[in-house]
Amino acid sequence: MDIVVCIKRVPAFGAQVPLTDDGLAVDTRHLGFTIGPHEECAVEEAVRLAAAHGGRVTVLTVGPEEAGEQLRYALAMGAHQGVLVDTGTTDLDPEATATAVLAGLADEPAPDLLLFGDASADAGHGQVGVRVALACGLPIVGGVTGIEAESGAVPENGAVAENGAVTENGATLRATRDTPGGTEVFGLSVPAAVAVKEGLNLPRYPTLPGRLKAKKAALRTVTCGPEPGGLRTLGLRRPADDRAGAIPLGRGADAAPAVVDVLAELGKV
Amino acid sequence: MQLIVVADGQVVPELPAVARSLASRDEPVEAVAFAGTGVPAGDVAGELGGYGVSRLHVVRHELLDEYGPEAWGSALATVIDWLGPAGVLASASHRDTEVLTHAAARAGLPLATNCVRLAGEEDGSGAWRLTRTRSGGVLLEDAELTAPVKLATVAAAVETPQVPLQPADCEVTESAVDVPPELARTRVAERVASETGLSLSTAPVVVSGGRGVGGAEGFVVLEELAERLGGVVGCSRVATNNGWRPHRDQVGLTGTKIAADLYIACGISGATQHWVGCMDSAAILAINTDPEAPMMQRATYAVEGDVHEVVPAVLAEIRRRADGAAGSGRSGVEEPAPAGSSRR
């Protein structure tokens, strides 16, 4: 099962989110960067699926040259190759990001499975997976926290599986997700796209040999300057924080009576 | 026309007000629902009429009888094409957002999700000026949406515009719609109802643990405290990443966002990823050895100390007072501590 995983380079915030003086972006001069948590789970799942069913894992990202750092992290986790769509920035609107992802996919063999994170950890539009899948003619389900693959389960072309999925090349995926109304289960036949959420698995930490190998790996770079879409960012700001500062209730075990007083005031004991 | 999408059968009162504020004077506000929603169209129409929505379009197709993001999104894209609305609004619920996202992709239109403010551009361009949340609400993004049809999802925390809503007779119009047969591929094949009882997202009290809890066994006292307070246990990302708790217990940007009456953060530093998940709670009690931890600064109440000492002491105090109260009718039992006392 050949898999492409789309990941995003996002700032790793601490408790504060600094902004640039012009308010147009997060000031990342003193921040580290990471792969969004949902996407880290997508990489982990891809590596596991490829190990269990064969196939190659390609990680793809859209951003500046520095986003190669996140591709290398995914390679260190066990992905086989990386594609950097160099747009100079990660601050693109969802339509432009989807165009850039498609530019990166154009020269790759069509994957059996295209994985996304459910929404990026910074902008959080949650649209790129759906836009890309549609352009590729792939079914997509989002918010997925469980994937089970059955390879070769249905050999006949065009056979209808029990779950209603029309199977064409014999592999089906059972994708589950939690919604406020309960758990929803989808039967997908590959090729398909899935957007996943954290909780799908526990991503591994890269091994040292993995990191060393990833450091030397060649990344394929595609340059892309996508047309902007209809949603234009004018600026970022922090919401007003009207919290007054914490009321101290004491230290250690001695604080217990004051804590229980508060619990009583709130009607909880 | 401004069009409201009702994909999950829930009419969100803020939507008609926002739609009305975006509409020009004589422009109607109408709504669209799906025959497979499971809520009678008459009920939805009755509710919408109260908010001045004049028509409810109900779309029918056998593929819409069960939920499927692609089929429903495709049907909505068709309706948008038929009706040619100036704007399309949906709530930020899971299903509404998903249907609108699929419709936007199919119609080739931009979409602004999680908006907390929407207004027409004053220059008469027909564009919308909006504010949306980013990173779970820790940042606000001001943006401009320019499109022949403008699509947005509206967060629960939206600023509701003060516009008069004239109640209307909301007429129901049923229409058959074409849905490409291959979109059966993403219909829900099976459903498992959620467990009843308290869940993290609905519990009035959440007792959460992070790095300071130190391990899975450290959560035993948190469980006990949660049970005492009629709540459930939550945790930070550190706790799930260490395998101390399952991910379904995680409060935060990539876990569950909660709005409890009381949130008790035990040994949680309060990084942004976690803070955005609990910040909507009415009261927050932080217990941490580090008085400088962000959670200790931003909480409503703070106790400086080790979770392993503080939580058992709080439990002992609760038990002591409960025993005192239960025993106060009998003789020879210790008096309950007077409220507001602080024994040091």
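Observations on the structure shown:
- Selected residue (criterion: nearest to the other protein chains (Cβ to nearest Cβ)) from residues of segment B:184-202 that are out of contact with any Ser or Thr (no Cβ under 6 Å at 6 or more places or on another chain) and closer than 17 Å to residue B:247 by Cβ: B:194
- Residues of segment B:137-153 satisfying the condition of being farther than 22 Å from residue B:17 by Cβ and more than 7 Å from every other protein chain (Cβ to nearest Cβ): B:148
- Test result for residue B:205, at pLDDT 95 or above, under 29 Å from residue B:267 (Cβ atoms) and in contact with an Asp or Glu (Cβ under 7 Å, 6 or more places away or on another chain): yes
- Check on residue A:240, of a type outside the set (Val, Ile, Thr) and free of Cβ contacts under 8 Å to residues at least 60 places away in the same chain: yes
- Residue in segment B:128-135 that is touching a residue at least 24 places away in the same chain (Cβ under 8 Å) and either surrounded by fewer than 17 Cβ atoms within 10 Å (Cβ to Cβ) or at positive phi (or both) present: yes
- Of the residues A:95, A:69, the single one that is under 29 Å from residue B:104 (Cα atoms), part of a helix (DSSP H, G or I) and touching a residue at least 60 places away in the same chain (Cβ under 8 Å) is A:95.
- When segment B:59-90 is limited to residues that are among the small types (Gly, Ala, Ser) and within 14 Å of residue B:33 (Cβ to Cβ), the one that is nearest to the other protein chains (Cβ to nearest Cβ) turns out to be B:90.
- Test result for residue A:241, of a type in the set (Asp, Glu) and over 32 Å from the mean Cα position of the chain (by Cα): no
- Flag if residue B:157 is aliphatic (A, V, I, L, M), part of a loop (DSSP other than H, G, I, E, B) and within 13 Å of chain A (Cβ to nearest Cβ): yes
- Qualifying residue in segment A:198-219 (condition: within 30 Å of residue B:118 (Cα to Cα) and either surrounded by 14 or more Cβ atoms within 10 Å (Cβ to Cβ) or within 11 Å of chain B (Cβ to nearest Cβ) (or both)): no
- Residues satisfying the stated conditions in segment A:218-269, i.e. out of contact with any Asp or Glu (no Cβ under 9 Å at 6 or more places or on another chain), closer than 30 Å to residue B:110 by Cα and assigned to a strand (DSSP E or B): none
- When B:188, B:172 are checked against the criterion of being closer than 30 Å to residue B:76 by Cβ, surrounded by 13 or more Cβ atoms within 10 Å (Cβ to Cβ), touching a residue at least 60 places away in the same chain (Cβ under 8 Å) and within 24 Å of the chain's Cα centre (by Cα), a single residue qualifies: B:188.
- Tally, over segment A:7-31, of residues that are surrounded by 20 or more Cβ atoms within 10 Å (Cβ to Cβ) and either of a type in the set (D, E, K, R) or out of contact with any Ser or Thr (no Cβ under 7 Å at 6 or more places or on another chain) (or both): 2
- Residue A:46 falls short on exactly one of the conditions (1) part of a helix (DSSP H, G or I); (2) farther than 19 Å from residue A:194 by Cβ, and that condition is (2).
- Unmet requirement for residue A:62, which otherwise passes all of (1) outside any strand (DSSP E or B); (2) in contact with a Ser or Thr (Cβ under 6 Å, 6 or more places away or on another chain): (1)
- Single unsatisfied condition, residue B:243 versus (1) on the phi > 0 side of the Ramachandran plot; (2) in contact with a Pro (Cβ under 7 Å, 6 or more places away or on another chain): (2)
- Only a single criterion out of (1) surrounded by 14 or more Cβ atoms within 10 Å (Cβ to Cβ); (2) on the phi < 0 side of the Ramachandran plot; (3) in contact with a helix residue (DSSP H, G or I) (Cβ under 8 Å, 6 or more places away or on another chain) is not satisfied by residue B:214, namely (2).
- Single condition residue A:34 does not satisfy, out of (1) under 18 Å from the mean Cα position of the chain (by Cα); (2) surrounded by fewer than 21 Cβ atoms within 10 Å (Cβ to Cβ); (3) away from chain B (no Cβ under 14 Å): (3)
- Of the listed requirements (1) within 19 Å of residue A:213 (Cα to Cα); (2) within 14 Å of chain B (Cβ to nearest Cβ), residue A:78 misses just one: (2).
- Strands (runs of 3 or more DSSP E) completely within segment B:204-287 that count 3 or more residues being away from every other protein chain (no Cβ under 11 Å) and of a type outside the set (Gly, Ala, Ser): B:232-235
- Residue count for segment B:225-239 satisfying the condition of being surrounded by 17 or more Cβ atoms within 10 Å (Cβ to Cβ) and out of contact with any Lys or Arg (no Cβ under 9 Å at 6 or more places or on another chain): 4.
- Answer from B:88, B:58, B:39, B:11 - the residue that is without any contact (Cβ under 8 Å) to a residue 60 or more places away in the chain, surrounded by 19 or more Cβ atoms within 10 Å (Cβ to Cβ) and either among the aromatic types (Phe, Trp, Tyr) or outside any helix (DSSP H, G or I) (or both): B:11
- Within segment B:182-197, the presence of a residue that is at pLDDT 95 or above and in a strand (DSSP E or B) is excluded.
The values are calculated or read from the model by the stated rules, or taken from the named source; none is laboratory data. In this text the structure is predicted, and so the values were computed from the model without any measurement. In this analysis, Cβ positions are derived from the backbone assuming ideal geometry, glycine residues included, and neighbour counts consider all displayed protein chains.
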